[in-house]
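Have a look at the structure below before the remarks.
Since every read-out is calculated from the coordinates, none of them should be taken as a lab result. Because the structure is predicted, anything quoted here is derived from the model rather than measured. Note: ideal-geometry Cβ built from the backbone for every residue, glycine included; neighbour counts use all protein chains shown.
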Amino acid sequence: MKKYVKNKTVASQKVDEKELVLLHPKAENFFSLNTTAAFIWDMLEKPRTEEEIIAALANRYSGSGDSMKNDARNILKILIKWSLVDTIDGKTNR
């Protein structure tokens, strides 16, 4: 089962209660995360499955299951696209 974990080379800094900023040294860009994305980012200190992330979102926020799935998947896609998050497939690290 695929798991997601923070890319350890990415630096993060909380700006305020509603924003977290990430810096990937190779991308030379800052990335601003809203509260939902920041919540997911914090969860990824340890490897987590998509299902674990969705369940945690459902616990924290109110909304439909489909909405939580879509939000989690979209956030993960963006984090992966910019190499802010690594995937682990159970055998090798990507």
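Holding the Cα-Cα limit at 18 Å, pick out from K6/K81; K8/K69; K3/K81; K26/K81 the pairs that are longer than that.
Numbers: K6/K81 13 Å; K8/K69 25 Å; K3/K81 15 Å; K26/K81 13 Å.
Distance filter (> 18 Å) returns K8/K69.
To the nearest 0.05, what FRET efficiency results for N74 and E17 with a Förster distance of 35 Å applied to their C-beta separation?
Values: r = 22 Å, r/R0 = 0.64.
After rounding, the FRET efficiency stands at 0.95.
If we sort 7-15, 77-85 on the protection proxy, mean other Cβ atoms within 10 Å, highest first, what's the order?
Values: 7-15: 12.8, 77-85: 16.1.
Top to bottom by mean Cβ count within 10 Å: 77-85, 7-15.
Considering all alpha-carbon pairs of the chain, what whole percent are spaced by more than 23 angstrom?
Values: 907 of 4371 pairs.
Counting every Cα pair in the chain, those more than 23 Å apart make up 21 percent.
Check L20: other-chain or 5+ apart residues with amide H under 5 Å from its amide H, H built from backbone geometry?
HN-HN under 5 Å from L20: V15, L33.
Helix-only estimate, please: 222 nm mean residue ellipticity of the chain, summing -39500 (n - 2.57) across DSSP H runs of length 4 or more and dividing by its residues, to the nearest 500.
Details: 3 runs with 37 residues, N = 94.
Taking each H run of at least 4 residues, the total per residue is -12500 deg cm²/dmol.
How big is the shadow of the Cα convex hull of segment 18-66, averaged over all directions, in nm²?
Details: hull surface 16.9 nm².
Approximately 4.2 nm², given one-decimal rounding.
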